[in-house]
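So the structure is just underneath, and the comments pick up after that.
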Amino acid sequence: MKNIEIYTTMFCPFCSRAKKLLNSKGVNYKEIDVTVAGDLREEMTRRANGAYTVPQIFVDGEHVGDSDYVHMLDANGKLDKILGIS
């Protein structure tokens, strides 16, 4: 199984939307809440090549993107392969 990480904040509708998509795929993921943890947000931004909005999603350490991007990947039939469920 692939290692999936999602950086989130509390009360973020985009985070909820991305988690709902991942849940619908039946995959396990590690949620990293950066609401009050500045060091974790800095880590996320560094790992995401400067992207600072949440959510940011990583699969096996590779940056996949934000909520809009993973939904686009899903609509194009590419997300399942990235998640290792195709």
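The values are calculated or read from the model by the stated rules, or taken from the named source; none is laboratory data. Since the structure is predicted, the reported quantities are computational estimates derived from the model, not experimental observations. Cβ: placed from backbone, ideal geometry, glycine included. Neighbour counts: every protein chain shown. Just the protein is used for accessible areas: all its heavy atoms, side chains included, with ligands, DNA and RNA removed. Shrake-Rupley method; radii C 1.70, N 1.55, O 1.52, S 1.80 Å.
Dipole magnitude of the chain about its Cα centre, charges +1 at Lys/Arg Cβ and -1 at Asp/Glu Cβ only, in debye to the nearest 20?
240 debye
So what does ILE85 come to for accessible area, using a 1.4 Å probe and Å² rounded to 10?
70 Å²
Pairs of Cα atoms under 8 Å, at least six residues apart: use those to get the relative contact order of the chain, whole percent.
Dividing the mean separation by the residue count of the chain yields 36 percent.
So what does ARG41 come to for accessible area, using a 1.4 Å probe and Å² rounded to 10?
Approximately 80 Å² of ARG41 is accessible to the 1.4 Å probe.
Per-residue ellipticity at 222 nm for the chain, helices alone: DSSP H runs ≥ 4 residues times -39500 (n - 2.57), over residue total, nearest 500 deg cm²/dmol?
Only helices count here, giving -12000 deg cm²/dmol.
Which of the listed residues, THR45, GLY77, ILE6, is farthest toward the dipole's positive end in the chain, when Lys, Arg count +1 and Asp, Glu count -1 at the beta-carbon?
My answer, from the dipole projection, is GLY77.
When DSSP beta bridges are limited to those with both residues in the chain, what percentage is antiparallel, rounded to the nearest 5?
Roughly 65 percent of the beta bridges in the chain run antiparallel, per DSSP.
Take the chain, drop everything but the C-alpha atoms, weight them equally and run the Debye formula without solvent; then report log10 I(q)/I(0) at 0.22 Å⁻¹ to two decimals.
These q points yield log10 I(q)/I(0) values of -1.04.
Once both labels are modelled 7 Å past Cα along the beta-carbon direction, what's the TYR69-ALA51 spacing in nm?
The answer from the label model is 0.3 nm.
Calculate, for the chain, the solvent-accessible area per residue in square angstrom, rolling a 1.4 angstrom probe over the heavy atoms of the protein chains.
60 Å²
For region 27-36, in order, what is each residue's ³J(HN,Hα) by Karplus, 6.51 cos²θ - 1.76 cosθ + 1.60 with θ = phi - 60°, in whole Hz (x at glycine and Pro)?
9, 8, 8, 9, 9, 10, 7, 9, 3, 10
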